[in-house]
1. Write out, first by first residue and then by second, each pair whose Cβ atoms fall under 7 Å of each other, whose residues are 6+ apart or on separate chains, and whose first residue, in segment 44-55, is part of a loop (DSSP other than H, G, I, E, B) while the second is buried (at least 18 other Cβ atoms within 10 Å of the Cβ).
2. Please verify whether segment 9-28 includes one or more residues that are surrounded by 14 or more Cβ atoms within 10 Å (Cβ to Cβ) and modelled with pLDDT of 65 or more.
3. Do the conditions hold for residue 93, that is, is it surrounded by fewer than 20 Cβ atoms within 10 Å (Cβ to Cβ) and either touching a helix residue (DSSP H, G or I) at 6+ places or on another chain (Cβ under 7 Å) or modelled with pLDDT under 95 (or both)?
4. Tell me, which strands (runs of 3 or more DSSP E) wholly within segment 79-165 include 3 or more residues that are in contact (Cβ under 8 Å) with a residue 12 or more places away in the chain, under 18 Å from residue 53 (Cβ atoms) and touching a strand residue (DSSP E or B) at 6+ places or on another chain (Cβ under 9 Å)?
5. Could you list, in sequence order, all residues of segment 43-78 that are modelled with pLDDT under 95 and in contact with a strand residue (DSSP E or B) (Cβ under 6 Å, 6 or more places away or on another chain)?
C-alpha cells in the first residue's frame, strides 16, 4: 500500500512537471496540489499507530539534524515502528538537511524505509531556488508541503504531538 501511494504521488508530480512545474528530480514528492488543511495526507500509512509526533528542523546544523534523527529512532525503538507515526518537517535553514548531498541523506533514506515521513517547506524551497538560481536537489524522500509551519499546525490540530529538539 505504501508503495502504491508513493507511486500515485510521483505520477501526479510527473504530470505537473511535464506542464512546466517543478522537476521531480529536484523536488522529490509533493502534496501541493492535493493539500487540504482539514484533511492531512501522508506518504506512509500507519493504520496501527497509537502515537503521532511531528519533529521540527529549522536550523542549518548537522548536529541538530543528527539529534532529530536520533529522537525519531528512539521513538520507534520505544513504541515500535508500527505503533508510532513520525513526521519530520524542515523549513528555513533546516531545509538544507534534505539536500541530496546532506551528511544525513543516507540516514533519511533508511528511516523513510522504516516509515518516517520527511516534509519540506515549499516556501523555503522556492526561496532557495531563487537564491541559488536553480532548484536545489533534494533527497528523493522529501515531500514538498505548502509551508513548514502550516504543516506543523495542521498535524497538531489532528492529534500530533509537537517537538522541536
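The values are calculated or read from the model by the stated rules, or taken from the named source; none is laboratory data. If you're wondering where the values come from, they're calculated on a predicted model, not measured in any experiment. Counting neighbours? That spans all protein chains shown, and the Cβs are built from the backbone with ideal geometry, glycine included.
1. As it stands, the answer is 44/115; 44/117; 46/85; 46/115; 49/84; 49/85, since those pairs meet every condition given.
2. no
3. No; evaluated as a whole, the condition is false for this residue.
4. 84-90, 117-121, 161-163
5. Of everything in segment 43-78, those that are modelled with pLDDT under 95 and in contact with a strand residue (DSSP E or B) (Cβ under 6 Å, 6 or more places away or on another chain) turn out to be 43, 44, 46.
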